[in-house]
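Engineer: Okay, handing you the structure first.
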Amino acid sequence: MLPELGHFALILALLLAGLQALFGIAGPWLGRERWVAAVTPAVAGQAVMVSTAVACLIASFVGNDFSVSYVAENSNTALPLFYRVAAMWGAHEGSLLLWILLLALWTVAVAIGSSGLPQRFAARVLGVLGVVSFGFLLFTLATSNPFLRLDPPAPDGRDLNPILQDPGLAVHPPILYTGYVGFAVAFAFACAAMLEGRLDQDWARWTRPWTTAAWSFLTCGIALGSFWAYYELGWGGFWFWDPVENASFMPWLVGTALVHSLAVTDKRGLFKSWTLLLAILAFSLSMLGTFLVRSGVLVSVHSFAADPSRGIFILVFLIVMIGGALALYAWRAPLLKSTAGFELGARESFLLFNNVLLVIAAGTVFAGTLAPLISDALKLGTVSVGPPYFNPTFLMSMLPLIALLSVGIHANWKRGRLKDKQRMLLYTFVVAAVLGCGLAFGVYYRGKLLSAVGATLGMWIVLSSLVDPIDRWRRGLSVPRAVLGMTTAHLGLALAVIALTTVQSFTTERDVALSPGETASVGGYEFRFLGVQPVEGPNYDALGGTVEVTRHGAPVALLKPQKRSYWVQHQVTSETAIKMHHGSNVLIALGESLGAGRWSLRIQIRPLVSLIWLAAFIMAVGGALAATDRRYRAAGAPAGARAAVAAQGAA
Amino acid sequence: MTRAGLARVTGAWAIALGTAHLAWSVDTTQLPDPRLQARYVTLTHELRCMQCQNESLADSPVDLAADLRRQVRDMLLAGKSDDEVRDWMAARYGDFILFRPRYSWRNAWLWGAPATLLLLGALVSWRVVRQRTTLLATDHDVLDEDGRP
Amino acid sequence: MNRFLLPLGIFALLAVVLAIGIRHSPDKGLIASPLLGKPAPQFSLPDLADPARQVRSADLRGRWYLFNVWGTWCGECRAEHDMLLKAHRANLLPIIGLDWKDEEGNARSWLTQLGNPYDSVAVDASGREAIDWGVYAAPETFLVNPHGIIVFKHLGALTDETWAREIVPRVTGAPQKGS
């Protein structure tokens, strides 16, 4: 019963999404007021239907209904309840449903939050979102229906993939998707503006909080994924430049550029066509990511089951959505002209460089990720691309960016007036260099040039970012939330730079073979292996090792890495034992049994690695602060007054 | 969408090789000369495991990876250069086994992409800045600290 | 020309690349072998049936032969076994087996129980021979021509279709139906 209800709800959702799209786009165009008024009810209806479908699917999981094929593939009676719920989005069909749910929720939020916007414009935004929803719902119903029945029902399920049986599964996909899907809002705002033929500073101001919010979620989502990979997969690695990771990173890079470009358009009416293009690009990259992960065109350990027919559907969808948006762009963008000026040292310049560098970074990641496809299509043979390509090329565009950041935030709009800040910038740079080199060569002893450069630039951003807020505070002035948000986000970035530099430069890793009672010495710590014992889990059997960790004789931790063998899928996973000590992470993972109680172990000391994810979280908090600034909630009157003044000025 | 899981290749023959390992391996190989050891570590991390295709030879737990690691070790001990090891592997498994794309004319577009993009970016930036500094003469808006007129 | 059409143009190119990618994607897991068109590795390995004897590539010169890599631990190999028996009975060309990283006792019992489609089986205990052929997952089957050149490689269980469309026409010299 429940699966049928869910299926039916999805079909209704499809119809409602179609109506939402129709009323939203055709209503304003044809001047039909009733249609325009009908958009919001359609949005509400679609959200209710999608939520119903999701609830039905989760209920099927919780109730162990193995007559539903998707449940039988991804669950098991022995699976703990927590994971039975999270398993709903553990594979392709369910994760698509999650996508659709989050899109519906964002749409509801936009519907509520756009009460201050002109009704026709808001209808267009919701209409475009409706088109996206319609496409995804159609895709799900046509190729990836999670409610398909299994006849006869399976006696028990194939169990959730063991690597996904981890708390990370409960948070990473929902938060990541929230960000990923959130860029659809910026996309919708852009399309609505193009459809209406109006793109002004108001539009930029309206779009900003939505975009920043989506960006915050995406930052968190990517960081969570990285953190999850770190402690779950046991290699101590946290970023592999895997195609699926890149698929979420490219929208992030372009999204960051978009957030900054919107600021320029909002404040000075400049870069309008760039902002428009970035808004289209960010969501296009999200959609492209969806395509790459589910079509089987790329080899990835993260990709869902490959199916070319799904790939064709998504590709057509991509062509319609992105091609349509870019066609609109080609039509409307020539009309966007601004006569504002600025000098080389102005804030606008720095933001221009910032965006150019971010887009270049996204471009190099794009080239590397799609290289196998491109090379194959151009008949250049097979090529494979991994970290040895991505690491240096990414650095090429990012180093200039983090160097310019410290200067750029002090540049004024239009006329930079950097001359006044020269001394402050020099002082902060010198202090940063001392601190940075101190970290690279003093604390860790083994610094290389790049370590010093990274640490220095990171420190410089910290110091430079704090100058203005501290100055304001001392003068008793308030700091607007948006500025606070910006400072926090930049600080987060700086910390991430420092952490990444430290981890890349100063990680110690050794693989050792130890018999019980033997000790290995790695990175200043001593590791005494105490043997391996069998351990029983809820749906797995494990072998648990015990290692005593000491430093200069003082006890640090008793670490217990495990190797688990899951009953149903017969898969072996490695659970790393991690201990934070004085800012560093000590990791131990079990390798193989070498006979007679002797085991191979991987030991890693990673300094400041946890700071990476803390820094990302700080960035996201900064974004959240900026997005909730009161200035963005007012629409209407102020804008009109400004427009009048601007018109006078230009005349 | 970072989600670890087996890539279920249609045909399932890849999974047919005994138990599928979602773990990775610990490589306790130690070459006598620290420089050789460093080259060994770098090479085994730069070569792809052909069975678990997203893992390097260094990390992959499958037998084939262990065999190929031993091959790298033997070749290094026999005095072969890094390029000779890479060529040997690629001759049998194709360029796909290399995580670092070759420096060849075929891949020129890939390795040249970042520099080309940077050049394009610089050109575009220069044009925009020039246009806007010229417009500065006719732009009479007086802006407050916030950038608003 | 409207320079704002550039993004749309670039996207159109990308769409073409992706479409080609989908068309080729069933083969994605089956990476093209660099050994196609090149000489097959020379080998001389112990015979499974009689370890004192050697199975040698030199003995096969001047003839077509199939080189099939398998192991008793491999499920898909079990699946293709009947197909191999059928190919053996067709008596078109010798089928040489490479027992890859296997236990000899298991291999012999397997062939006794299930039937032996091979003219001879070479034992690759170390895995070195398989590596020379660029093998990365069993089963894999190679077709070698009388000049010792590898002309075709099949990944996965051998099927009727592959036998009829790829192997038989090449060996008999009949015109191939598509490639």
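Condition check ((1) at pLDDT 85 or above; (2) within 30 Å of A:Ala489 (Cβ to Cβ); (3) more than 14 Å from every other protein chain (Cβ to nearest Cβ)) across all residues:
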residue: A:Lys563; (1), (2), (3): yes, no, no
residue: A:His570; (1), (2), (3): no, no, no
residue: A:Lys579; (1), (2), (3): yes, no, yes
residue: A:Leu587; (1), (2), (3): yes, yes, no
residue: A:Ala596; (1), (2), (3): yes, no, yes
residue: A:Arg602; (1), (2), (3): yes, no, no
residue: A:Ser610; (1), (2), (3): yes, yes, yes
residue: A:Ala620; (1), (2), (3): yes, yes, yes
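Engineer: Now for a different question. Can you tell me which residue within region C:137-154, out of those that are farther than 13 Å from C:Pro41 by Cα and surrounded by 22 or more Cβ atoms within 10 Å (Cβ to Cβ), is farthest from the other protein chains (Cβ to nearest Cβ)?
Structural biologist: C:Thr141
Engineer: Among C:Ala87, C:Ala32, C:Ala15, C:Ala40, which is at the interface with another protein chain (Cβ under 8 Å from one of its Cβ atoms) and at pLDDT 90 or above?
Structural biologist: None of the other options fit; the residue is C:Ala15.
Engineer: Which ranges mark the helices (runs of 4 or more DSSP H) fully within region A:1-89 that have 3 or more residues being closer than 26 Å to A:Ala190 by Cα?
Structural biologist: Correct list: A:2-30, A:33-62.
Engineer: Being buried (at least 17 other Cβ atoms within 10 Å of the Cβ), outside any loop (DSSP other than H, G, I, E, B), without any contact (Cβ under 8 Å) to a residue 24 or more places away in the chain and of a type in the set (Gly, Ala, Ser) narrows it down to one residue among C:Gly9, C:Gly21; which is it?
Structural biologist: Exactly one residue qualifies, and that residue is C:Gly21.
Engineer: Here is a follow-up. If only one of A:Leu559, A:Leu601, A:Leu608, A:Leu590 is in contact (Cβ under 8 Å) with a residue 24 or more places away in the chain and touching a helix residue (DSSP H, G or I) at 6+ places or on another chain (Cβ under 6 Å), which one is it?
Structural biologist: A:Leu608
Engineer: While we're looking at this one, here's another question. Tell me which of these C:Gly97 doesn't satisfy, since it passes every other one: (1) in contact (Cβ under 8 Å) with a residue 60 or more places away in the chain; (2) in a strand (DSSP E or B).
Structural biologist: So the condition that C:Gly97 fails would be (1).
Engineer: Further question on the same structure: Quick one: what pairs do we get from region A:493-515, first residue assigned to a helix (DSSP H, G or I), second surrounded by fewer than 20 Cβ atoms within 10 Å (Cβ to Cβ) and among the basic types (Lys, Arg), C-beta under 7 Å, 6+ apart or different chains?
Structural biologist: Note: pairs meeting the criteria are A:Ser505/A:Lys448; A:Phe506/A:Arg446.
Engineer: Are any of the residues in region A:227-250 under 30 Å from A:Pro607 (Cβ atoms) and at pLDDT 95 or above? Steps first, please.
Structural biologist: If we filter region A:227-250 for residues that are under 30 Å from A:Pro607 (Cβ atoms), which is where we start, we get A:227-250.
When the remaining residues are screened for being at pLDDT 95 or above, the result is A:249-250.
Yes, region A:227-250 contains at least one residue that is under 30 Å from A:Pro607 (Cβ atoms) and at pLDDT 95 or above.
Engineer: From the list A:Arg481, A:Arg475, pick out the single residue that is more than 29 Å from A:Ile605 (Cβ to Cβ) and within 25 Å of the chain's Cα centre (by Cα).
Structural biologist: Values: A:Arg475 fails: within 25 Å of the chain's Cα centre (by Cα).
Going through A:Arg481, A:Arg475 in turn, just one is more than 29 Å from A:Ile605 (Cβ to Cβ) and within 25 Å of the chain's Cα centre (by Cα): A:Arg481.
Engineer: Right, next: So how many residues does region B:69-92 have that are in contact with a Phe, Trp or Tyr (Cβ under 7 Å, 6 or more places away or on another chain) and charged (D, E, K, R)?
Structural biologist: Total meeting the criteria: 1.
Engineer: While we're on this one: Quick one: A:Val385 ticks every box in (1) more than 24 Å from A:Leu450 (Cβ to Cβ); (2) surrounded by 19 or more Cβ atoms within 10 Å (Cβ to Cβ); (3) facing chain B (nearest Cβ under 7 Å) bar one, so which box is it?
Structural biologist: The single condition A:Val385 does not satisfy is (1).
Engineer: Could you check, for region B:135-146, whether at least one of its residues is at the interface with another protein chain (Cβ under 9 Å from one of its Cβ atoms), within 30 Å of A:Gly269 (Cα to Cα) and of a type in the set (Gly, Ala, Ser)?
Structural biologist: yes
Engineer: Residue by residue through region C:131-166, note down the ones that are farther than 16 Å from C:Pro94 by Cα and assigned to a loop (DSSP other than H, G, I, E, B).
Structural biologist: Of everything in region C:131-166, those that are farther than 16 Å from C:Pro94 by Cα and assigned to a loop (DSSP other than H, G, I, E, B) turn out to be C:Trp133, C:Gly134, C:Val135, C:Tyr136, C:Ala137, C:Ala138, C:Pro139, C:Gly156, C:Ala157, C:Thr159.
Engineer: Looking at region C:101-121, which of its residues are farther than 29 Å from B:Ala65 by Cβ, in a helix (DSSP H, G or I) and in contact (Cβ under 8 Å) with a residue 24 or more places away in the chain?
Structural biologist: C:Leu114
Engineer: Is there any pair with a first residue in region A:162-186 that is under 15 Å from A:Thr290 (Cβ atoms) and at pLDDT below 95 and a second that is buried (at least 22 other Cβ atoms within 10 Å of the Cβ) and of a type in the set (D, E, K, R) whose Cβ atoms are under 9 Å apart and which are 6 or more apart or on different chains, and what are they?
Structural biologist: From residues that are under 15 Å from A:Thr290 (Cβ atoms) and at pLDDT below 95, the pairs are A:Pro173/B:Arg3.
Engineer: Would you check if there is a residue in region B:98-119 being within 30 Å of A:Leu590 (Cα to Cα), more than 7 Å from every other protein chain (Cβ to nearest Cβ) and buried (at least 19 other Cβ atoms within 10 Å of the Cβ)?
Structural biologist: No: region B:98-119 contains no residue that is within 30 Å of A:Leu590 (Cα to Cα), more than 7 Å from every other protein chain (Cβ to nearest Cβ) and buried (at least 19 other Cβ atoms within 10 Å of the Cβ).
Engineer: Within region A:250-298, count every residue that is facing chain B (nearest Cβ under 10 Å) and either touching a Phe, Trp or Tyr at 6+ places or on another chain (Cβ under 9 Å) or part of a helix (DSSP H, G or I) (or both).
Structural biologist: Looking only at that region, the number is 13.
Engineer: Looking only at region A:357-388, how many residues end up being at pLDDT below 95, of a type outside the set (A, V, I, L, M, F, W, C), closer than 24 Å to C:Ile22 by Cα and assigned to a helix (DSSP H, G or I)?
Structural biologist: The qualifying residues number 5.
Engineer: Follow-up. Would you confirm, using the coordinates I've provided, whether C:Thr159 is more than 24 Å from B:Arg92 (Cβ to Cβ) and either among the polar types (S, T, N, Q) or within 14 Å of chain B (Cβ to nearest Cβ) (or both)?
Structural biologist: Working: more than 24 Å from B:Arg92 (Cβ to Cβ): yes; either among the polar types (S, T, N, Q) or within 14 Å of chain B (Cβ to nearest Cβ) (or both): yes.
Criteria met by C:Thr159.
Engineer: Here is a follow-up. Can you tell me which of (1) within 7 Å of another protein chain (Cβ to nearest Cβ); (2) in contact (Cβ under 8 Å) with a residue 40 or more places away in the chain; (3) aliphatic (A, V, I, L, M); (4) within 19 Å of A:Met194 (Cβ to Cβ) is the one A:Ile319 doesn't meet?
Structural biologist: With respect to (1) within 7 Å of another protein chain (Cβ to nearest Cβ); (2) in contact (Cβ under 8 Å) with a residue 40 or more places away in the chain; (3) aliphatic (A, V, I, L, M); (4) within 19 Å of A:Met194 (Cβ to Cβ), A:Ile319 is out only on (2).
Engineer: Could you check A:Thr364 against (1) more than 8 Å from chain B (Cβ to nearest Cβ); (2) of a type in the set (S, T, N, Q); (3) surrounded by 22 or more Cβ atoms within 10 Å (Cβ to Cβ); (4) over 30 Å from B:Ala137 (Cβ atoms) and say which number it fails?
Structural biologist: (1)
Engineer: Out of all the residues in region A:617-639, is one or more surrounded by 20 or more Cβ atoms within 10 Å (Cβ to Cβ), in contact with a Phe, Trp or Tyr (Cβ under 7 Å, 6 or more places away or on another chain) and within 18 Å of A:Glu509 (Cα to Cα)?
Structural biologist: No, because not a single residue in region A:617-639 is surrounded by 20 or more Cβ atoms within 10 Å (Cβ to Cβ), in contact with a Phe, Trp or Tyr (Cβ under 7 Å, 6 or more places away or on another chain) and within 18 Å of A:Glu509 (Cα to Cα).
Engineer: Could you tell me which residue of region A:563-572 is farthest from the chain's Cα centre (by Cα), considering only residues that are in contact (Cβ under 8 Å) with a residue 40 or more places away in the chain and more than 16 Å from A:Pro534 (Cβ to Cβ)?
Structural biologist: A:Val568
Engineer: In region A:505-533, what residues are within 30 Å of A:Cys437 (Cα to Cα) and more than 14 Å from every other protein chain (Cβ to nearest Cβ)?
Structural biologist: A:Ser505, A:Phe506, A:Ser521, A:Gly523, A:Gly524, A:Tyr525, A:Glu526
Engineer: Now a separate question. As an exercise: evaluate A:Val356 against (1) over 30 Å from B:Ile97 (Cβ atoms); (2) touching a residue at least 40 places away in the same chain (Cβ under 8 Å) and give the number of the one condition it does not meet.
Structural biologist: (2)
Engineer: Please work out if A:Ala411 is assigned to a loop (DSSP other than H, G, I, E, B), crowded, with 20+ Cβ neighbours inside 10 Å and either aliphatic (A, V, I, L, M) or at pLDDT 90 or above (or both).
Structural biologist: yes
Engineer: Given A:Asn391, A:Asn354, which one is out of contact with any Pro (no Cβ under 7 Å at 6 or more places or on another chain) and either at pLDDT below 95 or away from chain B (no Cβ under 12 Å) (or both)?
Structural biologist: Of the residues listed, the single one that is out of contact with any Pro (no Cβ under 7 Å at 6 or more places or on another chain) and either at pLDDT below 95 or away from chain B (no Cβ under 12 Å) (or both) is A:Asn391.
The values are calculated or read from the model by the stated rules, or taken from the named source; none is laboratory data. Note that the structure is a prediction, hence the values are computed from the model and not measured. A quick note on method: Cβ atoms are made from the backbone with ideal geometry, for glycine too, and the neighbour counts reach across all protein chains shown.
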